[in-house]
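Student: Sending over a structure as structure tokens; questions will come in a sec.
The values are calculated or read from the model by the stated rules, or taken from the named source; none is laboratory data. Keep in mind that what you see is a predicted model, and the values were worked out from it rather than measured. Reconstructed Cβ throughout: ideal geometry from the backbone, glycine too, with neighbour counts over all protein chains shown. Accessible surface is based on the protein model in full, side chains and every heavy atom, while ligands, DNA and RNA are left aside. Shrake-Rupley method; radii C 1.70, N 1.55, O 1.52, S 1.80 Å.
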Amino acid sequence: MFDIESKIFRRHHPDFEKLLSFGFVREEGGYTLRREFMEGDFCAELHISEEGEVEGKVFESFSGEEYRNIRIETMDGAFVSEVREKYCELLEEIRERCFEEDVFTEPQANRLAAWIQKTYGVKVEFPWKSLEEYGVFRHPESDKWFGIVMYLPRKKVTEGEGKTDIINSKLSTETMKKALEMDGLFPAYHMNKKYWVSILLDETVSDEALHFLISESYRLVSGRKGRAPKAVPEKEGPETWLIPANYYYFDVGAAFRKEPEILWNQRTHVKKGDLVYIYITKPVAAICYKCLVTETDIPCDLEGHGKQKVTKEMKIRLLRIFEPEKYPRSWLEKQGITNIRSAMKVTGRVEFE
């Protein structure tokens, strides 16, 4: 089935105030719009979650049934094509009026691009028209790349379904061996594996370690000889993760009232012993649960609410419940966490009591 919404809204995030101005209604779990088109013959129903995920359905006004033909790519007759085109025009209007464009797809990739610009004054370049999702960072003196971000299927570098952003970074011989022992780092995709690595930008690698690796790459392509950084930051003890949850899709509290240990979708390199803080989206907008990861990489075959394939789960055990006033969204923003759209590693970034 053709996921029209993902294609149109990828690399964009909503401005919720603009959604309200456009006509969206704020409801539990997000924002909803119902809009007729094609002279009232069809009605589009859109739901945008607090995390910015867009879901849509098109219904025939006469029968009230969902019109799924627009999602079958092989159906290209004149009438189906017209309905699909008009629906896409509505989505594109919403994107232009209510959404802001992101440089890359993954939140960590966008944070990295902002950090590189702030640290080195280097903006990302998109040199290939046929590869618009490939961005490069070029050293201002040597004009050589010190990083290239690519949006690829995960199986190009590791296991797993779906696609993600990666960055290829150049490393010294000394750093290379140790770096490849880290989760989220692999021999470079489509580049010389002797000198380059591919790094997942899906929160598997901490921002601190990522900045270290990019800094080394920047130094190596500068054309100057200089002292190398001392070492790759060590990972000691458990990692800390922040994971969003939406009551619109899953009642976390009810699940924990039934069992102190539950299954949870695993989309990152979480390890047994890691700590997970669960952030409940609006209307709560606060961290409400602290959990311990007791088991990982449990095989499954599920379809998530965003139509993403879920191939593995983890078990998390409830350790503590917080009142919303303890860790509200405003507290997280003071810690530098402003975009909670997916699981992120926050080890060393956020200090919990």
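Student: Can you tell me the orientation of helix 107-120 relative to the chain, as the angle in degrees between its alpha-carbon axis and the longest Cα principal axis, to the nearest 10?
Tutor: For 107-120 against the chain, the angle is about 50 degrees.
Student: So what's the angle, to the nearest 10 degrees on a 0 to 90 scale, between helix 78-98 and the longest Cα principal axis of the chain?
Tutor: Relative to the chain, helix 78-98 is tipped by roughly 60 degrees.
Student: So how far apart, in nm, are the two label points at LYS271 and THR74 if each is 7 Å from Cα heading toward Cβ?
Tutor: Rounded to a tenth, the inter-label distance reads 4.7 nm.
Student: Under 15 Å from a point placed 7 Å out from the Cα of GLU93 along the Cα-to-Cβ direction: which residues of region 46-86 have their backbone N that close?
Tutor: 46, 83-86
Student: Before rounding to the nearest 500, sum -39500 (n - 2.57) across all DSSP H runs of length at least 4 in the chain and divide by the residue total; then give [θ] at 222 nm in deg cm²/dmol. All intermediate terms of the calculation are to be shown ahead of the outcome.
Tutor: Values: 8 runs with 82 residues, N = 353.
Taking each H run of at least 4 residues, the total per residue is -7000 deg cm²/dmol.
Student: Relative to the longest principal Cα axis of the chain, at what angle does helix 207-220 sit, 0 to 90 degrees, rounded to 10?
Tutor: The answer is roughly 60 degrees.
Student: OK, next. Computed from these coordinates, which is P(r) over Cα pairs in 10 Å bins from 0, in percent: (i) 5, 25, 35, 26, 8, 1, 0; (ii) 5, 17, 19, 13, 8, 5, 4, 4, 4, 4, 4, 3, 3, 3, 2, 2, 1, 0, 0; (iii) 5, 21, 30, 25, 15, 4, 1, 0?
Tutor: (iii)
Student: Here is a further query. Test of understanding: in a Gaussian network model of the chain with alpha carbons linked when under 10 Å, which of MET38, MET182, MET150 would top the mean-square fluctuation ranking?
Tutor: MET38
Student: 7 Å from Cα along Cα→Cβ at both ARG317 and HIS13: what's the point-to-point distance in nm?
Tutor: 3.4 nm
Student: When the chain is modelled as a GNM with alpha-carbon springs shorter than 10 Å, which of GLU208, GLU159, GLU96 fluctuates the most?
Tutor: GLU159
Student: How much length is gained if the chain between ALA255 and GLU181 is pulled fully straight, taking 0.36 nm per residue apart and subtracting their Cα-Cα distance, in nm to one decimal?
Tutor: Working: separation 74, 0.36 × 74 = 26.64 nm, distance 3.63 nm.
Taking 0.36 nm per residue and subtracting the Cα distance, the gain is 23.0 nm.
Student: Just tell me which lysines come within less than 19 Å, Cα to Cα, of LYS18; anything on the same chain fewer than 8 places away is out.
Tutor: Within the straight-line limit of under 19 Å, LYS18 reaches these lysines: LYS282.
Student: Counting other Cβ atoms within 10 Å, keep those with at most 12, restrict to DSSP loop, and tell me which GluC sites (Glu not before Pro) in region 1-68 are left.
Tutor: GLU28, GLU39, GLU65
Student: Dipole of region 83-191, Cα-centred, from +1 at each Lys and Arg C-beta and -1 at each Asp and Glu C-beta, to the nearest 20 debye?
Tutor: Around 360 debye, computed over region 83-191.
Student: Can you pull the percent of the chain's accessible area that's carbon plus sulfur, 1.4 Å probe, other chains left in place? Show your work: numbers first, answer last.
Tutor: Numbers: 8940 of 18750 Å².
Accessible surface attributable to carbon and sulfur in the chain totals 48 percent.
Student: I would also like to ask the following. Springs between alpha-carbon atoms under 10 Å, Gaussian network over the chain: tell me which of THR240, THR268, THR338 tops the mean-square fluctuations.
Tutor: For the chain, modelled as a Gaussian network with Cα springs under 10 Å, the answer is THR338.
Student: What dipole magnitude, in Debye to the nearest 20, does the chain give about its Cα centre under +1 on Lys/Arg Cβ and -1 on Asp/Glu Cβ? Don't jump to the answer; show the numbers that get you there.
Tutor: Details: 54 positive and 62 negative charges, 399 e Å.
That gives the chain a dipole magnitude of about 1920 debye.
Student: Continuing with this model, one more query. Send over a whole-number figure in Å² for the accessible area per residue of the chain, probe 1.4 Å. Write out the running numbers ahead of the final one.
Tutor: Working: 18750 Å² over 353 residues.
I get 53 Å² per residue for this part.
Student: Moving to a separate point now. How much accessible area does LYS170 have with a 1.4 Å probe, in Å² rounded to the nearest 10?
Tutor: Counting only protein heavy atoms, the figure is 60 Å².
Student: Explain nothing, just the number: dipole magnitude of region 157-289 about its Cα centre with +1 on each Lys and Arg Cβ and -1 on each Asp and Glu Cβ, in debye rounded to the nearest 20.
Tutor: The dipole magnitude comes to about 680 debye.
Student: Which lysines, on any chain, are close to LYS129 with Cα under 30 Å apart, when same-chain ones fewer than 8 places away are left out?
Tutor: LYS7, LYS86, LYS118, LYS144, LYS155, LYS156, LYS163, LYS170, LYS193, LYS194, LYS307, LYS309
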